[in-house]
Amino acid sequence: MQLPQNDFLIEELICNDSFQEYCLGTSVEKHLLWEDWINNLPERASDIENAKKIVNILTAKQGSRLQQFKDLKNGFKQKETLSLLLDGDTSEKTLYQTSRIFYNYISFAAAAVIILFSIYFIPDSYLPFKKTQSGKDLSASVFFSGAALRKTVILTDGTVITLNKNSEVRLIKNFNPAKRELWLKGEAFFEVKHDASHPFTVHTSINDIKVLGTSFNVKACVESPVVETSLIQGSVQVKSKIYPGYTVLLKPGQKLLYNNTNTQKGPDFKKIFIVSSLELAHADHKPKEIQWLRNQMIIDNEPLALIAEKLQKWYGIEIYIADNEVKDYRYSGTFENESIIKTLEALQIAYPFEFKATQNRITISK
Amino acid sequence: MLPTEQDRKYWEQMRLGDKNALFGLYNNLYFHLIRFGLKINSDDELVKDCVNQVFLNLWDKRTRLNPVENVKSYLMTSLRRCMLDQLAYIDRTNLAVNKMGNDEAKNELSYEDIIIGLQQDEEIKNKLRIAIAQLTPRQFELIQLKFFEGLSYEQIAERTSQTVKTAYNTVYDAIKVLRKILK
């Protein structure tokens, strides 16, 4: 198999059998061979990216078999972990034995939800425990980001939450993979495990958001008199608390704007719950609603130790590297992911390492 | 060994508890199942997720499985059922579900429907439509064989009774047209 010359035409690359197979992830050997070739041609990086894009369109996003196979294996590990969690009361929960343990909620229906809600409604409807449950339930875990720009928390069901500044989530008492409910104040991005039999619910003062899919972003600004729910992928159901029985099912690329500033006698739902399309930023065609979260990280032959430091700072979660050998693994590339887990998974493809995530710490090892 | 025989062998080993045989089956049939799923519903995430779900379920119930003559069709049926369930779960009134239920496999999506349906960006959708309209039927057919069905140029040449060189050139010219419009 011959790799193209450095002065290849983009069309030639697209038509190259072996390049197509690389894009489809048919073998580890091809993957390494082409990654190496690509890394040595930084000046043609955008051309190669273009070629990949076309191949991706024409192969109908059949995906990378290598990546999917990895997901399958992690799906098995996830099942084992979950059955352990459900069987015994293990206090220290290790949710990511390796990478995508929660494979089927990332891939099946990633959802991004952004909620902005009004301060006027908070006093009476936030803190639902107070009204409905006994005093000891108030001991539910609370995570607050404070002045930190972002804070990442990993829940016992494998859900990854990245909180924006001054944001808070409060878990239901005994939150577990079979009982998944929490209350949000502020803004956060969620990657939720898709589990049809155990819905994941995010409560806000105004709406309850039932996640039918998997990964979603929740943003909530207390000063604003509106609620905004934006969906990137997957499916979420937004239930109004103020108008019981009124629900909106969002489709990917849509957002729901809740605006109850002009309250009249008979509620006009069309004016209070406005569904529209997400705004895409011009630069990268990514929804503006999750710009706060996206971190473009350009890495040029840097060791993992340094990359981990950057990630720790950006996502606000402690990263500990257990093996010195791993610290020296060097990576190059551009990463832009919604969560630290996704970024680590992307890094794993080039040089494999393992990682485990507990509530507020990620441990990387050989 | 023929691929179908190998699949059957993997199946038997898998029933006896060999997880690697399950993985072998996965690697053998992955692209086939993905293509089959995309023809039912052009949502690649849904299809990929269901493919993995099918294999996870297979492992769970391995001890209760019977020998199967045609492993591929067995898995295709499982995939179809999984996709139906997922779609029904997402939206019980989803039209696609009704359509899938009623029409069975008759109304499978064409390659053109699939690749356009997969694009989220309206602009790219339109460009793709324009680009495909500019290709000759032969060019588009070869694009499908090359990229979607994953055939090699040699296999394409054989199937369409032309030389490997002609097959390559046809694909190359088509790519040139596509690139110009999609740029």
> Which of the residues spanning the range A:158-169 are touching a strand residue (DSSP E or B) at 6+ places or on another chain (Cβ under 7 Å) and free of Cβ contacts under 8 Å to residues at least 40 places away in the same chain?
Replying inline: A:161, A:168, A:169
> Residue check, residue A:15 against (1) within 9 Å of chain B (Cβ to nearest Cβ); (2) closer than 17 Å to residue A:349 by Cα; (3) not basic (Lys, Arg), all met but one. Which one?
Replying inline: (2)
> Among the residues of the range B:47-82 satisfying the criterion of being over 13 Å from the mean Cα position of the chain (by Cα) and among the aliphatic types (A, V, I, L, M), which is nearest to the other protein chains (Cβ to nearest Cβ)?
Replying inline: B:56
>> For the range A:183-195, which positions are under 11 Å from residue A:211 (Cβ atoms), of a type outside the set (Val, Ile, Thr) and part of a loop (DSSP other than H, G, I, E, B)?
In response: A:193, A:194, A:195
>> Given the condition surrounded by 14 or more Cβ atoms within 10 Å (Cβ to Cβ), modelled with pLDDT under 85 and within 25 Å of residue A:24 (Cα to Cα), answer yes or no: does some residue in the range A:299-308 qualify?
In response: yes
>> Considering only residues that are surrounded by fewer than 18 Cβ atoms within 10 Å (Cβ to Cβ) and more than 10 Å from every other protein chain (Cβ to nearest Cβ), which ones fall in the range A:39-63?
In response: A:39, A:40, A:41, A:42, A:43, A:45, A:46, A:47, A:49, A:52
> Which pairs do you get when a residue that is free of Cβ contacts under 8 Å to residues at least 24 places away in the same chain, found in the range B:43-68, comes within reach of a residue that is assigned to a loop (DSSP other than H, G, I, E, B) and not hydroxyl-bearing (Ser, Thr, Tyr), reach meaning Cβ atoms under 6 angstrom, with the pair 6+ apart or on two chains?
Replying inline: B:48/A:63
>> Against the definition (of a type in the set (Lys, Arg), more than 22 Å from residue B:148 (Cα to Cα) and within 13 Å of chain A (Cβ to nearest Cβ)), how does residue B:39 come out, yes or no?
In response: no
> Restricting the first residue to the range A:53-72 and requiring it to be over 22 Å from residue B:145 (Cα atoms), which pairs with a second residue that is buried (at least 23 other Cβ atoms within 10 Å of the Cβ) and small (Gly, Ala, Ser) meet a Cβ separation below 8 Å and a spacing of at least six or different chains?
Replying inline: A:70/A:99; A:71/A:107
> Of all helices (runs of 4 or more DSSP H) completely enclosed by the range A:282-366, which ones contain at least 3 residues that are touching a residue at least 40 places away in the same chain (Cβ under 8 Å)?
Replying inline: A:304-315, A:340-350
>> If I filter the range B:133-174 down to residues being closer than 18 Å to residue A:53 by Cβ and free of Cβ contacts under 8 Å to residues at least 24 places away in the same chain, which single residue comes out as surrounded by the fewest Cβ atoms within 10 Å (Cβ to Cβ)?
In response: B:172
>> With the requirement that a residue be part of a loop (DSSP other than H, G, I, E, B) and charged (D, E, K, R), what does the range A:27-65 give you?
In response: A:61
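The values are calculated or read from the model by the stated rules, or taken from the named source; none is laboratory data. The structure presented is a predicted model; accordingly, all values stated were derived computationally and were not measured. Here the Cβ is made from the backbone with ideal geometry for all residues, glycine too, and neighbour counts use every protein chain on show.
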